[in-house]
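Trainee: Take this structure, written in structure tokens, and hold onto it; I'll ask about it next.
We did not get these values from a lab; they are worked out from the coordinates using the rules stated. Every value quoted in this text rests on a predicted model; they were computed, and no experiment measured them. Here the Cβ is made from the backbone with ideal geometry for all residues, glycine too, and neighbour counts use every protein chain on show.
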Amino acid sequence: MIVIKKNTLIFKQGEFGDTAYVIDQGRVEIFIHDSAGEEIVLTVLGHGEIFGEMAVIDNQIRSASARTLDDCQLIPIQKDQIFDILSKSDSLIQLLMRVMLKRTRNLNDSLAGISTAKEVVEPKTNPKMEQVFDKIKLENQLLEAHHNNEFEIHHQPMVDLQTSKIVGSEALIRWNNPSLGMISPGHFIDILENSSMIIPVGYWIFEECFRHYKVIAEKTSMKDFSISINVSGRQFVHYTFLNTLKELVIKHQINPKFFKLELTERILVEGLAVIDILRQCHEMGFLISLDDFGTGFSSMQYLSQMPVDNLKIDRSFVMNVINDKKTESIVHSIIFLGKKLGMSIIAEGLECEAEIKKMHSLGAEFGQGYYFGRSMKLAELIEKINQTP
Ligand code: C2E
Ligand code: CMP
Ligand code: CA
Ligand code: CA
């Protein structure tokens, strides 16, 4: 908190500034000078209002001057704090904000009789803002990709470690970009999941998996094949999620028991309401798998309250289980705990026979990994299933 005496100039129009202020006590006058040097008062702000935010957000000069009308108490907010919050918000919100700031600047300039065209001030380049631009660009490309049907669902086989037979698959999204080729989700899934686009794309993923399931049932003799679908936290807690899922089940006439929803422990950051949503999905018949188990903030307390059917043990454990006794003990304990809670254990990222043997001997019933097959198109999966005796 800073205290500023009455009639003090806090900052001047045209300066660069790194701080915005929230008014706790007193009034602050915002004004500009017109071309003849006359003051034009734009507004008087009071308790709970913010000023000085524009230069901080758009990295340009102060669009107006600010002066105290009383003895004031102000709460300064630094640029980094604002950027931190902004960088976590939807890119569209960030863009809206920039557009609105630009319009306010133009309005102030025309009020002051300044031609905006003549007074363009080159903004200092800000690496964080550049990141926002790159993000918006990629988001836009992803939106177009969705409209142009460039996303594809590929399948990685999931295998019964006892019989080595394929029992299901994990659906993994790919972006078939016309000029860049097949792009892995590592390059775009975070952008997708952190924007509102994950909602329509997420439903498309469900529909595609439901369609693929029907093709698998028709073209192979598999009776209880299951498809695992990755669901992001944002998608899962969206207010349309449960109803839309119910509608899609009816639309595609599928039995939810053949589908596993893969969630990571990170969904718990969305709050405890997720446990209730999980229960409702489970009541609809969907199975629940906890993905990347052991890498997040495992909350054993909640694990017992969640209707989890499968634990997927992350590759980071699997890759060290042969050579590291401590990892082996951890994996042993995770499997013991999972089984006590009535869950099936799936080992992820199996790349060699030694890993498979070890994980199986520790109690994992199912596995997936490059050893059994990388993610592949539906036709290839069907061929692989039909080749296996
Ligand atoms: P994940 O859910 O943990 O998926 C497993 C990732 O490990 C996949 O990468 C898979 O190709 C890779 N993998 C499988 N076996 C092996 C192995 O033996 N060795 C190694 N080194 N890697 C292996 P991918 O397809 O690049 O997916 C990355 C992540 O993107 C996924 O991690 C998941 O979090 C996310 N993702 C993929 N598809 C979707 C989707 O449809 N929706 C959502 N929300 N997320 C998705
Ligand atoms: P900034 O440009 O950092 O510094 C001047 C501040 O005055 C600006 O941020 C806003 O907080 C505020 N401001 C600028 N123009 C207006 C306006 N037209 N109406 C109200 N407040 C304004
Ligand atoms: Ca997964
Ligand atoms: Ca995983």
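Trainee: Roughly how many nanometres apart are two label points built 7 Å out from the Cα toward the Cβ at ALA217 and LEU180?
Mentor: Result for the modelled spin labels: 3.6 nm.
Trainee: Please return the longest range in the chain lying between exposed loop sites, taking GluC sites (Glu not before Pro), DSSP loop only, at most 15 other beta-carbon atoms within 10 Å, and leaving the sites out.
Mentor: Free of exposed loop sites, the longest segment is 120-350.
Trainee: Count the net charge of all other residues whose Cβ sits under 11 Å from the Cβ of MET306, scoring Lys and Arg as +1 and Asp and Glu as -1.
Mentor: Neighbourhood net charge equals -2.
Trainee: Let me make sure I get this right: for region 1-81, a, b and c are the square roots of the gyration tensor eigenvalues over alpha carbons, sorted descending. Under 1.5 in a/c it's rounded, otherwise prolate if a/b > b/c, else oblate. Which is it?
Mentor: Oblate.
Trainee: Mind giving me the FRET efficiency for SER333 and HIS187? R0 is 25 Å, r the Cβ-Cβ distance, nearest 0.05 is fine. Don't skip to the end; give the middle numbers.
Mentor: Numbers: r = 35 Å, r/R0 = 1.39.
Computed FRET efficiency for SER333 and HIS187 comes out at 0.10.
Trainee: Looking at the square roots a ≥ b ≥ c of the eigenvalues of the Cα gyration tensor of region 217-315, which shape do they give, rounded for a/c under 1.5, prolate if a/b is larger than b/c, or oblate?
Mentor: The shape class here is oblate.
Trainee: With a/c under 1.5 counting as rounded, go ahead and sort region 306-389 into rounded, prolate or oblate using the C-alpha gyration tensor (a ≥ b ≥ c being the square roots of the eigenvalues; past the cut-off, prolate if a/b is larger than b/c, else oblate).
Mentor: Since a/c reaches 1.5 but b/c is at least a/b, the shape of region 306-389 is classed as oblate.
Trainee: Then there is this: Looking at this model, which pairs from LYS251/LYS357; LYS340/LYS377; LYS214/LYS358; LYS223/LYS312; LYS357/LYS377 are more than 30 angstrom apart at the alpha-carbon?
Mentor: Cα-Cα > 30 Å for LYS251/LYS357; LYS340/LYS377; LYS214/LYS358; rest within.
Trainee: Which value, in debye to the nearest 20, describes the size of the charge dipole of the chain about its Cα centre when Lys and Arg Cβ atoms bear +1, Asp and Glu Cβ atoms bear -1, and nothing else is charged?
Mentor: Here the size comes out at about 640 debye.
Trainee: With +1 assigned to the C-beta of every Lys and Arg and -1 to the C-beta of every Asp and Glu, and no other charges, what is the dipole magnitude of region 163-244 about the Cα centre in debye, to the nearest 20?
Mentor: Details: 7 positive and 7 negative charges, 48 e Å.
In total the dipole reaches around 240 debye.
Trainee: Got a sec? Charge dipole of the chain, +1 on Cβ for Lys and Arg, -1 for Asp and Glu; which of HIS360, VAL274, ILE288 is way out at the positive end?
Mentor: Ranked along the dipole, the leading option is HIS360.
Trainee: So which aspartates and glutamates can LYS326 reach, going by Cα to Cα under 18 Å and dropping same-chain residues fewer than 8 places off?
Mentor: Once the sequence-local aspartates and glutamates are set aside, what remains near LYS326 is ASP314, GLU355.
Trainee: For a footprinting-style exposure proxy, rank ASP224, ASP70, ASP292 by other Cβ within 10 Å, fewest first.
Mentor: In order of increasing Cβ crowding within 10 Å: ASP224, ASP70, ASP292.
Trainee: Could you tell me the convex hull volume per residue, in Å³, taken over the Cα atoms of the chain?
Mentor: Working: hull volume 73.1 nm³, N = 389.
Expressed per residue, the convex hull around the Cα atoms of the chain is 188 Å³.
Trainee: Let me ask something else. How big is the antiparallel share of DSSP beta bridges in the chain, given as a percent to the nearest 5?
Mentor: Taking every DSSP beta bridge within the chain, about 65 percent pair in antiparallel fashion.
Trainee: Between their Cα atoms, which of LYS12/LYS79; LYS88/LYS257; LYS165/LYS260 are more than 28 Å away from each other?
Mentor: LYS88/LYS257
Trainee: Ok, one more. Would you be so kind as to identify which of ILE199, VAL44, THR163 lies farthest towards the positive end of the dipole of the chain, taking Lys and Arg as +1 and Asp and Glu as -1 on Cβ and the Cα centre as origin?
Mentor: The listed residue farthest towards the positive side: THR163.
Trainee: Sticking with this structure for a sec: Filter the trypsin sites (Lys or Arg not before Pro) in region 209-282 to those in DSSP coil with at most 10 other Cβ atoms within 10 Å of their Cβ, and list the result.
Mentor: Values: sites: ARG211, LYS214, LYS219, LYS223, ARG234, LYS246, LYS251, LYS257, LYS260, ARG266, ARG279; in loops: LYS223.
Those that pass, being in a loop and sparsely packed, are LYS223.
Trainee: Moving to a separate point now. Based solely on its DSSP helices, what 222 nm [θ] is calculated for the chain when runs of n ≥ 4 H residues each add -39,500 (n - 2.57) and the sum is averaged over all residues, nearest 500 deg cm²/dmol?
Mentor: -12500 deg cm²/dmol
Trainee: If you don't mind, there's one more thing I want to ask. For region 218-273, which chymotrypsin sites (Phe, Trp or Tyr not before Pro) pass both filters: DSSP loop (anything but H, G, I, E, B) and at most 10 other C-beta atoms within 10 Å?
Mentor: Answer in residue order: TYR239.
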